[in-house]
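The values are calculated or read from the model by the stated rules, or taken from the named source; none is laboratory data. Since the model is a prediction, treat every value here as computed from it, not as a measurement. Please note: Cβ atoms are built from the backbone with ideal geometry, for glycine as well, and neighbour counts cover all protein chains shown. For accessibility, only protein heavy atoms count, side chains too; no ligands or nucleic acids. Shrake-Rupley method; radii C 1.70, N 1.55, O 1.52, S 1.80 Å.
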Amino acid sequence: LQQQGLKFIDNNYRCRQGEIDLIMLHNHQLVFVEVRYRKQSRYGSAAESVTHSKQKKLLYAANHFLACKPQFSDQQARFDVIAVQPKLGSDKLQIDWLQNAFCE
């Protein structure tokens, strides 16, 4: 993400109701990033594992972060997902960056 121009703010931000893997800044926009890995797609892809329930937890944690860090409260925000899974027929990983993956 840093190679794509995002600036690191925080990682593994935890509160009672949830956790945010990465918090980045991209062109004056706060980006809350959920990183998901799936070894197998038997129960869905890595991206599909960010369920509505997980989205609610991320939203709660993001609101908590903003309440605790007022210097970011005037920033627009978005939620991205980094989905990692093995490429079919290969021993390499497929990494998909889903920007603005869901709405607040």
**OP:** Starting from segment 1-15, take each residue that is within 17 Å of residue 62 (Cα to Cα) and list its partners that are in a helix (DSSP H, G or I) and aliphatic (A, V, I, L, M), counting only C-beta distances under 9 angstrom and pairs at least six apart or across chains.
**Re:** 13/61; 13/62; 14/61; 15/61
**OP:** Quickly run through segment 12-52 and pick out the residues that are at pLDDT 85 or above, assigned to a loop (DSSP other than H, G, I, E, B) and surrounded by 12 or more Cβ atoms within 10 Å (Cβ to Cβ).
**Re:** 17
**OP:** Could you please let me know if residue 60 is free of Cβ contacts under 8 Å to residues at least 60 places away in the same chain, among the aromatic types (Phe, Trp, Tyr) and assigned to a helix (DSSP H, G or I)?
**Re:** yes
Original post:
Can you name the condition, by its number, that residue 58 falls short on among (1) closer than 19 Å to residue 76 by Cα; (2) open to solvent by 40 Å² or more (accessible area, probe 1.4 Å); (3) at pLDDT below 95?
Top reply: (2)
**OP:** Please work out which residue is farthest from residue 34 (Cα to Cα), limiting yourself to segment 67-104 and to residues that are acidic (Asp, Glu) and open to solvent by less than 80 Å² (accessible area, probe 1.4 Å).
**Re:** 96
**OP:** Could you please let me know if residue 63 is open to solvent by 80 Å² or more (accessible area, probe 1.4 Å) and either touching a His at 6+ places or on another chain (Cβ under 6 Å) or within 17 Å of residue 103 (Cβ to Cβ) (or both)?
**Re:** yes
